[in-house]
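Each remark here refers to the structure printed beneath this line.
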Amino acid sequence: MSQQTRRVESISQPAVPEPESLFERFHWVYAFCREHLFRDDTEQIASNLWPDAGPPLKSSLLEIGCGPGFYSCRLAARFKHLRVTGIDRASEQLARARTRAADRELGNCRFEKADVLSLKWPHASFHAVLASRLFTILPERELALTEMYRVLADGGRCFIAEPRSMLRAAVPLHVMWLLARLIGFCRETPGSYREPRRVRVMTHSEFGALIASQPWRRVQHWHDAWYQYALCEK
């Protein structure tokens, strides 16, 4: 077989479709957990990202893995001059987020489908970056943080919150997998969906090592019984 023939066959092969997402199929499960089970850290986020009473005029915020838009909408409602962009890979989560923003008449808040591993924005596009509960099911953690660092402007701040409790962190994923197995009559396999079977909660040292993978100008760490936090300044 000639090289040209092999090249034509390679081009004609159909692309392998990406597995379905649990966060698409059971979007209401995560939305319920975000509203009723997870802690509201809005005050802590705002006071750490903008310790001087609020963001300056023309400031922009990118929320990674925004889900149903809980934090994006709360921050956009609190700071009317802040331009908020929330991103997620799940279209159904984004639909919920857009409905939330529309119901609250938030013209300064928008939502887009995007992958944190390959952000479309150029360097230094945002004055602040927010990620809450992002890394529990994301294997490429350092690559994601590299992208977050890249799109953050010099002098900008990045707020990261990660759960410390395996039990509480696992609730949404566990429930969604249970529903998937029940609906599929227990024929669902780990490859049926792109999410893993289990969450991975970082230890204190793993969390510190992840944050240290980027050349931040200043970093603060703290934690309580349920969450560990990092405030990183570029």
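The values are calculated or read from the model by the stated rules, or taken from the named source; none is laboratory data. These numbers come from a predicted model, not from an experiment. As a convention, Cβ positions derive from the backbone with ideal geometry for all residues, glycine included, and neighbour counts pool all protein chains shown. Surface accessibility is based on the protein's heavy atoms, side chains included, excluding ligands, DNA and RNA. Shrake-Rupley method; radii C 1.70, N 1.55, O 1.52, S 1.80 Å.
A few points about this structure:
- P(r) of region 80-145 over all Cα-Cα pairs, binned every 5 Å from zero, in whole percent: 3, 14, 23, 25, 20, 10, 4, 0
- For region 36-159, the alpha-carbon coordinates run over 34, 34, 26 Å along the three principal axes, in decreasing order.
- With R₀ set to 41 Å, the beta-carbon distance separating Ile183 from Asp52 gives a calculated FRET efficiency near 0.25.
- Thr146-Arg39 FRET efficiency (beta carbon distance; Förster radius 30 Å; 0.05 resolution): 0.60
- Annotation note: GluC sites (Glu not before Pro) in region 91-140 located in DSSP loop regions with a Cβ neighbour count of at most 15 within 10 Å are Glu105, Glu140.
- Accessible area per residue in Å² at 1.4 Å probe, computed on region 84-165: 42
- Three principal axis extents describe the C-alpha atoms of region 120-163; from largest down they are 27, 18, 13 Å.
- Annotation for region 68-158: trypsin sites (Lys or Arg not before Pro) lying in DSSP loop with at most 12 further Cβ atoms inside 10 Å of their Cβ are Lys80, Lys120.
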